[in-house]
Amino acid sequence: TFVVTENCIKCKYQDCVEVCPVDCFYEGPNFLVIHPDECIDCALCEPECPANAIFSEDEVPKGQEEFIKLNADLAQVWPNITEKGDAPADAKEWDGVPGKMKYLEK
Ligand code: SF4
Ligand code: F3S
């Protein structure tokens with residue numbers, strides 16, 4: 001399965017949503033997650049993310065392992081998203097900012 005990691009927080013570009021053939025993205029206020037049981041490992045979303053926030057489960061960067069469970073847990077409670085909406089106006093300013101976990105809204 002693929003996993004959305006920290007750099008998506010407050011960037012939320014949603015380009016990933018457009019390419020997913022099985023619509024397995026779920027949307028929170030400032031972050032998206034992938035439902036691990038629905039993802040078919042097609043890898044299409046990974047290169048689409050302008051923030052490089054998507055990784056295969058076994059390639060999640062060191063220190064971001066908690067995002068594997070976070071994707072699984074939040075995909076159960078957040079609504080499905082199938083169409084790309086607007087990214088936050090300040091998405092670019094947040095791209096690459098470290099330590100964004102504390103800004104995650106659930
Ligand atoms: Fe969707 Fe494919 Fe990305 Fe999985 S790897 S979330 S199926 S686009
Ligand atoms: Fe997030 Fe990248 Fe998708 S920033 S919403 S994972 S395109």
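The values are calculated or read from the model by the stated rules, or taken from the named source; none is laboratory data. It should be emphasised that the depicted structure is a prediction, and the values quoted were computed from it without experimental measurement. A quick note on method: Cβ atoms are made from the backbone with ideal geometry, for glycine too, and the neighbour counts reach across all protein chains shown.
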Open item on the list: Looking only at residues that are touching an Asp or Glu at 6+ places or on another chain (Cβ under 8 Å) and either at pLDDT below 95 or assigned to a helix (DSSP H, G or I) (or both) in region 22-71, which one is farthest from P88 (Cα to Cα)?
Closed with: I68
Open item on the list: Looking only at region 11-24, filter to residues that are crowded, with 20+ Cβ neighbours inside 10 Å, over 24 Å from G99 (Cβ atoms) and not β-branched (V, I, T); which one of those is farthest from ligand 1 (Cβ to nearest atom)?
Closed with: C24
Open item on the list: Looking at E18, E66, can you tell me which residue is farther than 16 Å from E105 by Cβ and away from ligand 2 (no atom under 11 Å from the Cβ)?
Closed with: E66
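This table checks each residue for (1) touching a helix residue (DSSP H, G or I) at 6+ places or on another chain (Cβ under 7 Å); (2) surrounded by fewer than 14 Cβ atoms within 10 Å (Cβ to Cβ).
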| position | (1), (2) |
| --- | --- |
| P47 | no, yes |
| N52 | yes, no |
| I68 | yes, no |
| A72 | no, no |
| Q76 | no, yes |
| N80 | no, yes |
| D90 | no, yes |
